[in-house]
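Below you'll find the structure, written out as structure tokens, and then a few comments.
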Amino acid sequence: MVKILIIRGNSGCGKSSCAQRLRQQLPGQTLLVSQDVVRREMLAANDHVKTPAIPLMKNLVSWGSTHAQTVILEGILKRQVYQDFLIELRREFQSDLISAYFDVSFGTTERRNREKLYPFSHDQLVSWWQPADLLGDETLIFTDQDSLNTCVTKLRQLLMA
């Protein structure tokens, strides 16, 4: 049975790095669906309730659920815009869906962002910041105390169980 993993959190918090490392470590076919790639690069779409990124991500996750062992959907996926879509995924995949949220401080986010090859500016991070944008159904919530390696290990263990 396919496992669906949703990784959410603020821009620059480490979720994309976690998703990429996890994909490299998982056995079998893993589909990584990045909200940034779909919305910005593929569609050049704005981030609003009727964004065309939602149906495309839904189709990609659906395709992955029949062609891959694991599907990782990662992005900011802010509640205000994506909540209905994420609830729909939870209903469809139920216990085969794992949801993780990076609930890290702005300071930690800024530090992790500086480690990126192309970091965002301080002003960009401030303008995008969504404090505690939880859905309430998270399987795991990562905090400042969780290193990237810890996050990857915990998620890999859940996916392999």
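The values are calculated or read from the model by the stated rules, or taken from the named source; none is laboratory data. Worth saying up front: this structure is predicted, and the values here are computed from it rather than measured. Cβ coordinates were reconstructed from backbone atoms using ideal geometry, including for glycine residues, and neighbour counts include every protein chain displayed.
Among the residues of this structure, SER62 does not count as one that is out of contact with any helix residue (DSSP H, G or I) (no Cβ under 6 Å at 6 or more places or on another chain), surrounded by 20 or more Cβ atoms within 10 Å (Cβ to Cβ) and not assigned by TED's automatic domain parsing to the domain that holds GLN130. Are any residues in segment 116-148 part of a helix (DSSP H, G or I) and more than 16 Å from the chain's Cα centre (by Cα), and if so, which ones? Selection gives HIS122, ASP123, GLN124, LEU125, VAL126, SER127.
Considering only residues of segment 44-79 that are modelled with pLDDT under 95 and of a type outside the set (A, V, I, L, M, F, W, C), which is farthest from TRP129 (Cα to Cα)? Filtering first and then ranking leaves LYS50.
Could you check, for segment 148-158, whether at least one of its residues is within 18 Å of LEU77 (Cα to Cα), among the β-branched types (Val, Ile, Thr) and exposed (fewer than 13 other Cβ atoms within 10 Å of the Cβ)?
Within segment 148-158, the first condition is being within 18 Å of LEU77 (Cα to Cα), and the residues that meet it are none.
Among the residues of segment 148-158, not one is within 18 Å of LEU77 (Cα to Cα), among the β-branched types (Val, Ile, Thr) and exposed (fewer than 13 other Cβ atoms within 10 Å of the Cβ), which makes the answer no.
Scanning segment 48-90 for residues that are within 12 Å of VAL2 (Cβ to Cβ) and of a type in the set (S, T, N, Q) turns up SER62, SER65, THR66, GLN69, THR70. The residue that is nearest to SER34 (Cα to Cα), counting only those in segment 61-72 that are over 14 Å from the mean Cα position of the chain (by Cα) and not hydroxyl-bearing (Ser, Thr, Tyr), is GLY64.
Counted as qualifying within segment 1-86 are no strands (runs of 3 or more DSSP E), as none has 3 or more residues that are of a type in the set (S, T, N, Q) and touching a His at 6+ places or on another chain (Cβ under 6 Å). When ARG90 is tested against the conditions (1) at pLDDT below 95; (2) in contact with a strand residue (DSSP E or B) (Cβ under 8 Å, 6 or more places away or on another chain), the lone failure is (1). Residue count for segment 73-102, restricted to those that are surrounded by 15 or more Cβ atoms within 10 Å (Cβ to Cβ) and either aliphatic (A, V, I, L, M) or in contact with a Cys (Cβ under 9 Å, 6 or more places away or on another chain) (or both): 11.
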